[in-house]
Amino acid sequence: MERRVLPQARGTARASLSWRKVALGAAIAFGLVAAAPLSAKAAAPAACAALQDKYPDWKGKTLVNAINPHTPGYETIDPKDPGKYIGFDIDLGEAIGECLGFKLTYKPVTFAALLTTLAAGQADIVISDIYATKERAKAADFITYSKVFDGVLVAKGNPKGINGINMSMCGTAAAENTGYVEVPLIQALIPECKKAGKAEPTIQLYDNNANCIQAILAGRADTYINDVNTVDSAVKAYPDKLEKALAVTIPYSVGIAVPKDKPKFRDAVMAALIEVQKAGTHMELLKKHGLDVNNFKEPDILTAD
């Protein structure tokens, strides 16, 4: 797949983010766990100070980020400290919080429960590699920040010859996460395969990426289609057993979800994200976590309207 190389984020402001140490204690008991310390650069202090004056409601507060911590590179449990989370989304959220003056704790949930947890008031924000779609925007407003390229993960040698979300999937078994946008795309192939006289594709639903990958390793599934960085991480972990058939473009963006009834908070997060990007932090974090810099995009707001 052809990839366009995007320009670097504007600005050159550089200031070190402070290392964060969050006591666990009662937070763990309620499913709220700290992130690992940051090592990225902060957005311009003057610009962030102005945003804190403009949006003072969240300065000095501690907010809850609902995450599904099973996506290497984005959000996972720190193998060196199971009481912390690491990844691009974790660092990006910390940078946004630093700019607006708030701190974050984390509530781990299944992927399918991310938006319901937000809607129930059990979380204030969702920064967890979630694709922003019009359907999901019925439950939350989104600030988009990343382009989407999906990878097709298969067993080594690609024995079923799968080459995308297309007729090559007829008669195959796909492992997918409950609630993922790839599920209806695969389901749409069922009548097409039947029309062609071929067996229909089947879908096995799991709660996280790790279980989907294990389904291929165990021979229960033939493919797993998800964010290309997640697929690349799986191939890196099991180079003798897995491979990426190809990367495909999916017409969505990754977004930060916020409650629909808090447009001021949505606007504050977007303004802070713009400053984080201007400082070059976004691009640095992509590189730090081994993610494709072509994922970078300037933010937009997606609502159901």
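The values are calculated or read from the model by the stated rules, or taken from the named source; none is laboratory data. Note that this is a predicted model, so its numbers are computed, not measured. Every residue, glycine among them, receives a Cβ derived from its backbone with ideal geometry; neighbour counts consider all protein chains shown. The area values use the complete protein model at the heavy-atom level, side chains included, leaving out ligands, DNA and RNA. Shrake-Rupley method; radii C 1.70, N 1.55, O 1.52, S 1.80 Å.
For the range 220-244, the tally of residues that are open to solvent by 50 Å² or more (accessible area, probe 1.4 Å), in contact (Cβ under 8 Å) with a residue 40 or more places away in the chain and in a loop (DSSP other than H, G, I, E, B) stands at 3. Among the residues in the range 96-106, are any over 26 Å from Ala47 (Cα atoms), modelled with pLDDT under 95 and open to solvent by less than 20 Å² (accessible area, probe 1.4 Å)? No: the range 96-106 contains no residue that is over 26 Å from Ala47 (Cα atoms), modelled with pLDDT under 95 and open to solvent by less than 20 Å² (accessible area, probe 1.4 Å). Taking Leu273, is it open to solvent by 10 Å² or more (accessible area, probe 1.4 Å) and in contact (Cβ under 8 Å) with a residue 60 or more places away in the chain? Criteria not met by Leu273.
A search for C-beta distances below 6 Å between a residue of the range 58-75 that is part of a loop (DSSP other than H, G, I, E, B) and modelled with pLDDT under 95 and any residue that is among the aliphatic types (A, V, I, L, M) and open to solvent by less than 20 Å² (accessible area, probe 1.4 Å), counting only pairs 6+ apart in sequence or on different chains, returns Gly73/Leu291. For the range 189-219, the set of residues classified as open to solvent by 40 Å² or more (accessible area, probe 1.4 Å), touching a Ser or Thr at 6+ places or on another chain (Cβ under 8 Å) and under 19 Å from Ala113 (Cβ atoms) consists of Leu205, Tyr206, Asp207, listed by residue number. Looking only at the range 276-293, residues that are farther than 13 Å from Glu98 by Cα, open to solvent by less than 20 Å² (accessible area, probe 1.4 Å) and either in a helix (DSSP H, G or I) or among the β-branched types (Val, Ile, Thr) (or both) come to 5 in all.
Does the range 227-241 contain any residue that is of a type in the set (Gly, Ala, Ser) and farther than 22 Å from Asp292 by Cα?
Step one: filter the range 227-241 for residues of a type in the set (Gly, Ala, Ser), giving 233-234, 237.
Cutting the leftovers down to farther than 22 Å from Asp292 by Cα gives us none.
No, the range 227-241 contains no residue that is of a type in the set (Gly, Ala, Ser) and farther than 22 Å from Asp292 by Cα.
Of the residues that make up the range 85-96, is at least one more than 28 Å from Gly280 (Cα to Cα) and in a strand (DSSP E or B)? Checked against the condition, which is being more than 28 Å from Gly280 (Cα to Cα) and in a strand (DSSP E or B), the range 85-96 yields no hits at all. Among the residues of the range 132-154, which ones are in a strand (DSSP E or B) and open to solvent by 30 Å² or more (accessible area, probe 1.4 Å)? Within the range 132-154, Lys147 is the sole residue that qualifies.
Any idea which of Ile203, Ile250, Ile301, Ile256 is in contact (Cβ under 8 Å) with a residue 12 or more places away in the chain, over 19 Å from the mean Cα position of the chain (by Cα) and in a strand (DSSP E or B)? Walk me through it before giving the result.
Numbers: Ile250 fails: over 19 Å from the mean Cα position of the chain (by Cα); Ile301 fails: over 19 Å from the mean Cα position of the chain (by Cα); Ile256 fails: over 19 Å from the mean Cα position of the chain (by Cα).
Ile203 is the lone residue from the list that is in contact (Cβ under 8 Å) with a residue 12 or more places away in the chain, over 19 Å from the mean Cα position of the chain (by Cα) and in a strand (DSSP E or B).
Which ones in the range 61-86 are among the hydrophobic types (A, V, I, L, M, F, W, C) and either open to solvent by less than 10 Å² (accessible area, probe 1.4 Å) or under 23 Å from Ala119 (Cα atoms) (or both)?
Residues satisfying the conditions are Leu63, Val64, Ala66, Ile67.
Please find, within the range 176-188, the residue that is modelled with the highest pLDDT out of those that are part of a helix (DSSP H, G or I) and open to solvent by 20 Å² or more (accessible area, probe 1.4 Å). Give the derivation first.
Looking only at the range 176-188, we keep the residues that are part of a helix (DSSP H, G or I), and these are 182-187.
Still in the running and open to solvent by 20 Å² or more (accessible area, probe 1.4 Å): 184-185, 187.
On the way: Pro184: 94, Leu185: 93, Gln187: 97.
Here the residue is Gln187.
Within the range 111-131, at least one residue is polar (S, T, N, Q), free of Cβ contacts under 8 Å to residues at least 60 places away in the same chain and not in a helix (DSSP H, G or I).
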